[in-house]
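Chemist: Please find one structure pasted underneath; my questions will follow.
The values are calculated or read from the model by the stated rules, or taken from the named source; none is laboratory data. Keep in mind that what you see is a predicted model, and the values were worked out from it rather than measured. Every residue, glycine as well, gets a Cβ built from its backbone with ideal geometry; the counts of neighbours run over all protein chains shown. Heavy atoms of the whole protein, side chains included, go into the accessibility calculation; ligands, DNA and RNA do not. Shrake-Rupley method; radii C 1.70, N 1.55, O 1.52, S 1.80 Å.
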Amino acid sequence: MKKLSIAMLSMVLAGSMLLTGCGGGNTEQTTTDEGTDSATTETAGTEGGVLRMGTNATFPPYEYVDENNEVAGIDADIAAAIADKLGMELEITDMAFDSLIPALQSDTIDIVLAGMTVDPERAEQVNFTDSYATGVQVIIVPEDSDIASPDDLEGKNIGVQTGTTGDLQCTDAYGQEFVKQFDNGPLAVAALLNGQIDCVVIDNEPAKNYVAANEGLKILDTAYADEDYAAAIAKEDTELFEQVNTAIQELKEDGTIASIIEKYIPSDGGSEDTAA
């Protein structure tokens with residue numbers, strides 16, 4: 001992701017990363033303990049300012065920590081392209097997923113790009129731009145599991161990442177007592193391997209990485225849900241919202257976003273994630 005500085009967690013994503021690199025722009029990175037103490041910057045929304053982006057870098061290929069200990073991925077590159085359009089510099093803060101909307105509301109950050117799904121509950125708290133990509137929620141299970149489809153999840157212990165679509169939908173469908181929340185995907189997968197839960201519901205792309213890195217797991221053929229990803233901006237920041245939404249529309253029209261997604265998820269690889 002890209003241009004000025006990245007305040008990020010020193011978080012190492014479990015499993016081998018199959019994806020490398022990230023997009024353009026001039027980037028200078030700094031590190032904080034929990035991704036919440038980034039230096040004071042200029043307010044977003046004006047030419048030459050700083051666009052403060054929040055993400056959770058445990059969601060490859062949308063966001064992850066690369067071999068240079070920098071946040072990289074689809075959302076990183078899209079954010080860099082948006083910042084270029086606005087004539088701004090990009091600063092990225094890596095934080096817990098369920099801290100992203102509160103960080104917007106407290107003016108700690110200006111924008112969220114984190115593979116965040118558009119849903120009515122979140123839309124009451126933030127403004128969502130046009131969708132820039134679609135995703136698929138899938139189910140990871142042990143290879144010998146008796147879970148064969150979403151119909152078999154009733155009464156099972158389901159692992160999710162706190163605050164994600166999987167968390168919201170599974171809690172609503174099966175009840176909190178059957179949903180075990182984890183700070184990130186790797187922790188949920190580790191709990192699955194240890195027999196603490198029966199399955200993990202998570203986005204398809206990181207799921208493929210987790211399964212490839214951990215023997216004895218598989219992804220069910222039947223998806224759990226489809227979803228649209230969009231950038232989130234605070235309700236009151238209407239000027240920045242219009243600027244970012246226009247930039248996303250232009251980046252979709254000129255093929256930039258499709259090209260970024262293709263870089264990380266080649267279409268000949270059979271991915272179900274596509275530009276919106």
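Chemist: Considering only the stretch 44-81, state which residues are part of a strand (DSSP E or B) and polar (S, T, N, Q).
Modeler: 55, 58, listed by residue number.
Chemist: Sort out which residues of the stretch 126-160 are of a type in the set (A, V, I, L, M, F, W, C) and under 21 Å from residue 179 (Cα atoms), and write them in order of number.
Modeler: Matches in the stretch 126-160: 136, 138, 139, 140, 141, 147, 148, 153, 158, 160.
Chemist: If residue 58 meets every condition in (1) modelled with pLDDT under 95; (2) open to solvent by less than 20 Å² (accessible area, probe 1.4 Å); (3) under 14 Å from residue 231 (Cα atoms) apart from one, which number is that one?
Modeler: (3) is the only condition that residue 58 fails.
Chemist: Sticking with this one: In the stretch 118-134, what residues are aliphatic (A, V, I, L, M) and surrounded by 14 or more Cβ atoms within 10 Å (Cβ to Cβ)?
Modeler: 118, 126, 133
Chemist: Moving to a separate point now. Which of the residues spanning the stretch 217-261 are of a type in the set (Ser, Thr, Tyr), under 20 Å from the mean Cα position of the chain (by Cα) and farther than 25 Å from residue 164 by Cα?
Modeler: Residues satisfying the conditions are 256, 259.
Chemist: Is it the case that the stretch 82-94 has a residue that's within 22 Å of residue 185 (Cα to Cα) and part of a helix (DSSP H, G or I)?
Modeler: The answer is no; no qualifying residue exists.
Conditions (1) assigned to a helix (DSSP H, G or I); (2) crowded, with 21+ Cβ neighbours inside 10 Å; (3) modelled with pLDDT of 95 or more; (4) touching a helix residue (DSSP H, G or I) at 6+ places or on another chain (Cβ under 7 Å), marked per residue:
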position: 208; (1), (2), (3), (4): yes, no, no, no
position: 226; (1), (2), (3), (4): no, no, no, no
position: 233; (1), (2), (3), (4): no, yes, yes, yes
position: 241; (1), (2), (3), (4): yes, yes, yes, no
position: 249; (1), (2), (3), (4): yes, no, yes, no
position: 260; (1), (2), (3), (4): yes, yes, yes, yes
position: 268; (1), (2), (3), (4): yes, no, no, no
